[in-house]
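A short worksheet on the structure shown next.
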Ligand code: ADP
């Protein structure tokens, strides 16, 4: 039984994230979406809100579970019994950062294997921060996030200064 951890800030979860979780669930027995409670960036949604939105977004995926965590990601992976860490790679920009992080994680936890999924073509450009910017300007984000996330962004009246 192979458990994979897909960690990130998910502020909020987008269809790009859901695509990666779905594809990972075709390969592994269990996927934990780990929502990092205190990332080094200004958050729009609380941990509880991010967890709640992610849970609703993957409710149809039997093998996927959503859990908030804090501290070092590889430690969380160890606690969860995850053998694999899943990441999504968009344009070349992601690669450098993911590579650096992978090297550090390998040092901290040599047994944890990294599996990167190439972003699907339609989500290559999609990031949570871009979604927030477009939503704040009144742009149409349907098709890029689940309906309940679009609703939450609208309610929050996200403005670029809060990102
Ligand atoms: P973001 O970069 O959107 O703020 P996170 O920090 O929550 O998102 O990202 C968690 C993981 O999901 C990272 O590996 C990131 O590269 C990946 N990811 C984010 N958006 C997408 C997307 N549109 N397609 C594929 N992978 C993605």
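Any read-out appearing in this document is the output of simple, stated calculations on the displayed coordinates, not a laboratory observation. Here the structure is a predicted model, which is why all the values come from computation and not from measurement. Quick reminder, even Gly has a Cβ in these numbers, built from the backbone with ideal geometry, and neighbours come from all protein chains shown.
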Discussion item. What is the distance in Å between the Cα centroid of region 82-134 and that of region 2-68?
Written reply: 13 Å
Worksheet item: Percent relative contact order of the chain, based on C-alpha pairs within less than 8 angstrom and at least six residues apart?
Response: 28 percent
Worksheet item: In degrees between 0 and 90, to the nearest 10, how far off the longest principal axis of the chain does helix 47-57 point, with axes built from Cα atoms?
Response: 90 degrees
Worksheet item: Which order results if 149, 51 are arranged by neighbouring Cβ count within 10 Å, fewest first?
Response: 51, 149
Worksheet item: Exposure proxy check: 87, 156 ranked by fewest other beta carbons within 10 Å?
Response: 156, 87
Discussion item. Give me log10 I(q)/I(0) at q = 0.08, 0.10 Å⁻¹ for the chain, Debye formula, one equal scatterer per alpha-carbon, no solvent.
Written reply: -0.22, -0.34
Item to complete: Please arrange 75, 100 by counting, for each residue, the other beta carbons lying within 10 Å of its beta carbon, fewest first.
Response: 100, 75
Worksheet, complete the sentence: CD proxy, 222 nm, the chain: helix-only mean residue ellipticity via -39,500 (n - 2.57) per DSSP H run with n ≥ 4, per residue, nearest 500, stands at -12500 deg cm²/dmol
Practice prompt. Take peptides 42-49, 117-124 and line them up by average Cβ neighbours within 10 Å, highest first, as a rough protection proxy.
Written response: 42-49, 117-124
Worksheet item: If you take the square roots of the eigenvalues of the alpha-carbon gyration tensor of region 59-114 and sort them as a ≥ b ≥ c, do you get rounded (a/c under 1.5), prolate (a/b over b/c) or oblate?
Response: oblate
Worksheet, complete the sentence: On the formula 1/(1 + (r/R0)^6), with r taken between the Cβ atoms of residue 133 and residue 108 and R0 of 35 Å, the FRET efficiency rounded to 0.05 is 0.55
Discussion item. Compute a Gaussian network model of the chain, connecting alpha carbons closer than 10 Å, and tell me which residue from 26, 15, 105 fluctuates the most.
Written reply: 26
